[in-house]
Amino acid sequence: MEKIFPKLTQAQINRIALYGHTRSVKPGDILIEQGDTPMPFFVVIAGEVEIVSPVGTNETLITVHGNGQFTGDVNMISGRRSIVRARATVPSEVIELDNKDLLRLVQNDAELSEILMRAFILRRVELIAAGVGDLILIGSIHSAGTLRIKEFLLRNGQPYSYVDLGQDSDVQNLLDSFQIDAGNIPVLICRGQVVLRNPNNQEIAECLGFNESIDQTQARDLVVVGAGPSGLAAAVYGASEGLDVVVIETSSPGGQAGSSSKIENYLGFPTGISGHDLAGRAYMQAQKFGAKILIARATRIVCDHIPYVVEAENGARIPARAVLIATGAQYRKLPLENLSQFEGAGVYYGATFVERQLCGGDEVIVVGGGNSAGQAAIFLAGNAKRVHMLIRSAGLGANMSRYLIRRIEETSTIVLHPQTEIVELKGGEHLESLIWRDNQTGQTENNKIRHVFLMTGANPNTSWLDGCLSLDSEGFIKTGLDLSPEDLMQSAWQIKRQPYLLETSLPGVFAAGDVRSGSIKRVASAVGEGSIAITFIHKLLMD
């Protein structure tokens, strides 16, 4: 608890005071109201400030800050709405900093940065675990929409309370109080006021105010499209070196890597780290240095004039002196007619804790032979009855790291099926069974398996570029020396120099990570490319 609610020394308080101002408050004074954005930061010099979670006319006490303690969680850094209320309980004296002053503090004072950032992150973890916040999700374990919303909230670090239609006895009273029909699920109730029926990611982001504090028309030094490992690395290094950076992300930080249960061969983490945790740390790190993260789907680059303009589905139009495309790739879909019927209802494209909870004690299938598939199989084997790995090749050696192959070989509940593929899915509202075929023998087998995790190949997320950039035959973005004279001629390359490493056929537009032609599809490689891109973007901006 000391790390979650640390007590500052007098010397540390004195340093914080240099960034803000001191004020006196009376009992009952509201310092932070639920929904405030951006919210101020307070250090208690003398007195007490209680933190509560308002629910209708009631409140749940979270903690009481005394002398030397401070308010806040990760929303202090991101600029998102407060999900709690802070109120003085006795005559008190506090130091107040606004959001900009707090960012200056954590950027300039390493000791205080470590204390504050660690406390903010741990507090948010506790709020998520306790389901404390201003958001209620009503859904069903059999609903694909419920699963999608859960994953969106989890990967965006948003606490919520969950009420299951089939398992919670009080659900009807809640439905009646908000005039909701059971057929409308999944339903999100924001701040006890706004009711969203089966909302998409953009509607959820708007309801929660994810983007409220971001100027969506201001010209930026760098617009990064995609918040996977390469995009987040570029945001961290770009913002820390003084660039004005905005990241546009369709859903949540981490990309494909964000759904990895554990990455064990990433430098500096000898015990491994989940993709979600790695992405969450990078996400906070980028915002600490001043990068802004816009949750919206990029739809177009206006590429016929400079500065380029990146447009998003929510109406944002952001001029940019430089652009980094880091939209990654998505797993290929199986060529099965009824596949979409079972997506989110037995067929999944990620193996996080959300999906694993659905299949405890059952047999599951993982399709794919790369690292992501291997990590998923090992993760799911922890509570599944049996994990069947289906691969088209004769073995795992071609695309999977050796440590994962060893782990799979040593796990008795993982069964490898080489040269095998799914040929039919069966079920109604949920997947109930399937048929797979052994391509060596031609024999088929019917299995009553209700959970399939697809992690096969990769299709680049480049369809939205609409002809602005030169792509290879598979749709990945060509960069640097891979660009032919014909590519540059077609793109009307009009400057004397050749494209920089990672620069596309448009001057000032770069690509990094899985979306780039010829890239190595590994997290560490993506991080490296995002970091390297900043070096060349600096050169570009200095020209």
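Rule-based calculations on the coordinates, nothing more; no lab input. Note that the structure is predicted; figures quoted are calculated from it, not measured. Note: ideal-geometry Cβ built from the backbone for every residue, glycine included; neighbour counts use all protein chains shown.
Some points to look at:
- Highest-first arrangement of 103-114, 164-175, 121-132, where packing means the average Cβ count within 10 Å: 121-132, 103-114, 164-175
- Three-way shape label, the range 384-427, alpha-carbon gyration tensor, a/c 1.5: oblate
- Alpha-carbon centroid distance for the pair the range 270-341 / the range 59-116, whole angstrom: 29
- Sequentially through the range 143-148, phi angles give Karplus couplings (6.51, -1.76, 1.60; θ = phi - 60°) of 9, 5, x, 4, 4, 4 Hz, Gly and Pro residues having no value and appearing as x.
- Loop-resident sites, the range 450-508, for GluC sites (Glu not before Pro), counting at most 13 other Cβ within 10 Å (DSSP): Glu474
- Potential lengthening between Leu174 and Phe269 on full extension [0.36 nm per residue; Cα-Cα distance subtracted]: 29.8 nm
- Measuring between their Cα centroids, the range 389-403 and the range 182-258 lie 35 Å from each other.
- Highest average packing first - 90-97, 450-457, 403-410, Cβ atoms within 10 Å: 450-457, 90-97, 403-410
- Isolated cysteines in the chain, defined as those with no second cysteine Cβ under 4.7 Å, comprise Cys359.
- Burial order of peptide ranges 427-438, 55-66 (average beta-carbon count within 10 Å, highest first): 427-438, 55-66
- Which label in (1) 20, 50, 27, 2, 0; (2) 24, 58, 18, 0; (3) 18, 44, 26, 11, 1 gives the computed P(r) over Cα pairs in 20 Å bins from 0, in percent: (1)
- Where both bridge residues fall in the range 135-207, DSSP classifies roughly 65% of the beta bridges as antiparallel.
- Cross-link pairs Lys262/Lys448; Lys100/Lys292; Lys262/Lys333; Lys3/Lys100; Lys262/Lys521; Lys150/Lys385 - those with Cα-Cα distance over 20 Å: Lys262/Lys448; Lys262/Lys333; Lys3/Lys100; Lys150/Lys385
- R0 of 41 Å, Cβ-Cβ distance Lys426-Glu474: FRET efficiency to nearest 0.05: 0.80
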